[in-house]
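J.: Following this message is one structure expressed as C-alpha cells.
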Amino acid sequence: MRRLIPDMQHMPSFRRIALFGGICAIVATSALGYQMRAPLIEGFYAKTIETGFAVKYIDIKGRNHTSDTHILAALNINEGDPILRLQLNDIRERLLNIGWVEDALVRRHLPDRLEIILQERIPLALWETDAGHKVIDSAGKTITEANSRNFTHLTVISGENAPAKAHEILQMLQTEPELFADVWAVQLVSDRRWDVFLRSGVTVRLPESEAGNAWSKLALIEQEKQITARDISTIDLRIPDKLVVEPNKFIPAKGQKT
C-alpha cells in the first residue's frame, strides 16, 4: 500500500487540529465507563476519517531484503483506517518478528502518513547444519527468511556453537585480506579453536590462543613463498613459533606398483 510521498508534509487545517485535541481529551477521560466511552470513541474515530485523519500513505525505508508480503502482514493496516487509532508499539513488535528485521522505527505524520524505518540484519556467513546451510548475522542469529542459495559468496562455518563465534573469527581472518580471499570455510574444533579451509585445497589449523598472530605470520610467509600454492594438504600452526606442513598423500592408480 506504499504510495509516492510528497516532499512537503500535509499541513492539518484548524478544524483538524481542534478535532484532534477533542479526541485526545475524550480518550483520556477515565471517569466514563468503558461501555459508555466505546461508542463515543468509535464515533469520533469515524469523524477523524471524514476530516482526513486516515491512513493514506505508508512510507517504508531501509528495506533491501524484507518482502512486501511480510511487511504488509505485520502492519495489518488498510488504506482509510483511522491513523489516530494505530498502536505504534504493537506495529513495531510485529515488524520485529520478521526474520530480516533487526530493529524498526514507526512514526505517525499527521494527518495521513505512516513512516516505517527498518534496520535489517546483515548476512555474515552460511552455517552448515544437517538441514542444509542457513544464513546467519553477526550476532549468530539465523535469518529465517533468507535463502542460502542467494548468499553462496559468504564463508561457510561449521561446528557446534560456531554461529556465536563466527563474527570474531571472520573479523580476525579479514585482517589479512589477501589470504582471506582464498578462504571458503572455517570449522570450530572442540569449541576451542578453528580450522580454516582454503580454495587451494589447503587446511590451516589455527592454535587455540594467539590465533591472530599465527594467521599474520602465515600471511607473511605466503607473500614471500606462496606456500599455499604448493602440493600440501595441511599447514599446522598450533605449535608456537613453528609451522608444520603435511604434503598431499600420493594415491597410486589401480594396478600401479608401489
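The values are calculated or read from the model by the stated rules, or taken from the named source; none is laboratory data. Bear in mind that the values here come from a model prediction, so they are computed numbers and not experimental data. Using ideal geometry, Cβ is built from the backbone for each residue, glycine included, and neighbour counts are taken over all protein chains shown. Ligands, DNA and RNA are stripped out before the accessible areas are found, and what is left, the full protein with its side chains, is counted by its heavy atoms. Shrake-Rupley method; radii C 1.70, N 1.55, O 1.52, S 1.80 Å.
J.: Based on the mean of other Cβ atoms within 10 Å per residue, sort peptides 178-190, 98-110 so the most packed one is first.
T.: Numbers: 178-190: 15.8, 98-110: 17.8.
In descending order of packing, they fall as 98-110, 178-190.
J.: Another question about this same structure. What does the charge add up to near residue 135, with Lys and Arg as +1, Asp and Glu as -1, over the other residues with Cβ less than 15 Å from its Cβ?
T.: Net of charged neighbours comes to -1.
J.: Label the range 43-97 by shape, choosing from rounded, prolate and oblate, from the square roots a ≥ b ≥ c of the eigenvalues of the Cα gyration tensor; if a/c is under 1.5 it is rounded, and otherwise prolate applies when a/b is larger than b/c, oblate when it is not. Walk me through the intermediate numbers first.
T.: On the way: a/c = 2.96, a/b = 2.05, b/c = 1.44.
Because a/c hits 1.5 or more and a/b exceeds b/c, the range 43-97 counts as prolate.
J.: Give me the net charge of residue 214's neighbourhood, meaning all other residues with Cβ under 12 Å from the Cβ of residue 214; Lys, Arg count +1, Asp, Glu -1.
T.: Neighbourhood net charge equals 0.
J.: Describe numerically, in nm with one decimal, the distance between label points set 7 Å from Cα along Cα→Cβ at residue 72 and at residue 172.
T.: 4.7
J.: How large is ³J(HN,Hα), in whole Hz, for each residue of the range 179-191 in order, when computed from phi with the Karplus curve 6.51 cos²θ - 1.76 cosθ + 1.60 and θ = phi - 60°, using x for Gly and Pro?
T.: Along the range 179-191, the couplings run 6, 5, 4, 9, 7, 10, 7, 9, 10, 7, 9, 6, 6 Hz.
J.: Enumerate the residues in the range 74-98 having an amide nitrogen under 15 Å from the point lying 7 Å beyond the Cα of residue 139 toward its Cβ.
T.: Label zone hits: 93-98.
J.: Using a 1.4 angstrom probe, figure out how much accessible area the range 95-189 has per residue, in square angstrom, rounded to the nearest whole.
T.: I get 50 Å² per residue for this part.
J.: How much accessible surface area, in Å² rounded to 10, belongs to the heavy atoms of residue 199 with a 1.4 Å probe?
T.: Residue 199 exposes around 140 Å² with every protein chain in place.
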